[in-house]
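Sending over a structure as structure tokens; questions will come in a sec.
The values are calculated or read from the model by the stated rules, or taken from the named source; none is laboratory data. Here the structure is a predicted model, which is why all the values come from computation and not from measurement. With ideal geometry, Cβ positions are generated from the backbone for all residues, glycine too; neighbour counts draw on all protein chains shown. Surface areas here come from the heavy atoms of the whole protein model, side chains and all, with no ligands, DNA or RNA. Shrake-Rupley method; radii C 1.70, N 1.55, O 1.52, S 1.80 Å.
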Amino acid sequence: MVGVGGVERLPDGYVAPQQLSRGQFIYAYSLVTSLFFAWGFAYGLLDSLNKHFQSVFNISKTQSTFMQVAYFGAYFLWAPWAGAFMRKVGYKKGIYLGLTLYSLGAIFYWPVAVKKSYPGFVVRTFWISMGLSTLEVAANTYLIVLGDPAQGAFRLTFSQAFNGIGAF
């Protein structure tokens with residue numbers, strides 16, 4: 001179905017993906033795939049941080065699990081909102097939002113490190129994970145529609161392999 005301005009619309013109201021040149025496809029695919037590496041890297045750092053927090057803040061292993069609770073809690077609590085945001089304004093702005101949240105969370109690790117505030121680290125980890133979950137929602141969906149729909153699952157699976165490389 002063709003909508004306003006000649007833009008093709010799918011039955012559920014979404015805009016159909018435009019045909020990209022080979023160069024545009026490779027650029028977009030590489031850029032989005034690099035995001036998988038970024039959140040794999042962030043997850044890999046989480047376990048290392050936990051060990052250091054236990055010694056620096058003299059907290060137990062149980063108390064240090066708040067970092068994992070914050071990390072995965074953000075995925076649980078924030079991802080639906082991120083999906084609603086992107087449904088309204090699109091993937092590109094969703095990726096910008098995710099990168100902004102991720103960057104701000106990382107930047108504000110420094111002041112809480114200076115103050116040696118474990119609760120501050122937990123809050124900043126939650127903030128970073130909000131950015132990562134936004135990026136994951138955007139990237140997973142974007143990779144599926146970025147080209148031939150029959151190859152969408154392959155593109156997504158291949159890109160997700162970089163998550164494991166980043167965590168290593």
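Considering the range 40-61 alone, what residues qualify as being within 15 Å of ARG124 (Cα to Cα) and in contact (Cβ under 8 Å) with a residue 60 or more places away in the chain?
ALA42, TYR43, LEU46, LEU49, PHE53
Can you pull out the helices (runs of 4 or more DSSP H) entirely within the range 62-168 that have at least 1 residues that are touching a residue at least 24 places away in the same chain (Cβ under 8 Å)?
66-89, 91-107, 118-145, 152-167
From the list LYS93, LYS88, LYS51, exactly one residue is among the basic types (Lys, Arg), within 15 Å of the chain's Cα centre (by Cα) and either under 18 Å from TYR142 (Cα atoms) or open to solvent by 90 Å² or more (accessible area, probe 1.4 Å) (or both). Which is it?
Result of the check over LYS93, LYS88, LYS51: LYS93.
Looking at the range 140-160, can you tell me whether even one residue there is buried (at least 21 other Cβ atoms within 10 Å of the Cβ) and over 19 Å from ALA28 (Cβ atoms)?
no
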